[in-house]
1. Relative to the compact globular guide of 2.2 N^0.38 Å, what is the alpha carbon radius of gyration of the stretch 99-157, as a ratio?
2. What does the charge count around residue 102 come to, taking other residues whose C-beta lies under 13 Å from its C-beta (Lys +1, Arg +1, Asp -1, Glu -1)?
3. Kindly identify the stretch 145-201 as rounded, prolate or oblate by the Cα gyration tensor criterion: order the square roots of the eigenvalues as a ≥ b ≥ c, call it rounded if a/c is under 1.5, otherwise compare a/b with b/c, prolate if a/b is larger, else oblate.
4. Round to the nearest 0.05 the FRET efficiency obtained for residue 109 and residue 64 when R0 = 22 Å and r is the Cβ-Cβ distance.
5. Suppose we look only past 16 Å in the calculated P(r) of the stretch 43-119. What percent of the Cα-Cα pairs does that tail hold?
6. Please name which of 148, 80, 121 has its Cα lying farthest along the dipole of the stretch 73-163 towards the positive end, using unit charges on Cβ (Lys, Arg +1; Asp, Glu -1) and the Cα centre as origin.
Amino acid sequence: MPRPRSIVLAAALLAACHRGAAPRDAGRDAPCHCRPDAAMAPGAPLPDTSLFLLDAPWTDQAGRAFQLASLRGAPTVVLMFYGTCQSVCPVLIGDLLHIEAALSPAARTRVRFALITFDPATDTPERLRALAAERRLDPARWSLLRGSDDDVRAVATVLGVQFSRVDPTTITHSNTITVLDPQGVVVQQLEGLRQPVDGVARRLEALAR
Ligand SMILES: [Cu+2]
């Protein structure tokens, strides 16, 4: 059986990034060596390591069609999570809220937050909308996204996020917060819970200028 196009594209993206350095190596405050010197003009082709090259159809918490490429031009914080997680996902969403709170008002209006569920079968738009309301996630900045299992796996591959379903209600997963530059290239990753957010906030401020 041929592999889905999204998986093939994710593998190509990963290979392109490894020609420079893996997204993981962009972690902490280190500069991302995989960021190419492509022109940053809005109409220019996306860098070949851009997550936005995954042109899969997503659905947001309002039930609207959503493309990752619609985030182009905005520094974006990406978290893979699932809504029924009882342990770490609520903490990670709290960490993203801390990042948002650490931004200047000017940067806050530009930065976007994209939460992609590992569990699209359970996390319907209604459930995602309820979660967004419960956590007071501003819909102008926060998109909670569900897609096909293949497309979720493709994003996880590009971000270096591991996940695995251990029983019908539990998914084990990496605790990774990723910062994308306005072209969709990984420039920073935080691993673990309750990490200091100052470095990420500074990076987002710089990207939002
Ligand atoms: Cu979780």
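Please treat every number below as a calculation from the coordinates, not as lab data. This structure is a prediction, so every number in the text was calculated from the model and none was measured. Here the Cβ is made from the backbone with ideal geometry for all residues, glycine too, and neighbour counts use every protein chain on show.
1. The reported ratio for this selection is 1.26.
2. -1
3. oblate
4. Efficiency computed from Cβ-Cβ geometry: 0.60.
5. Summing the P(r) of the stretch 43-119 above 16 Å gives 59 percent of all pairs.
6. 80
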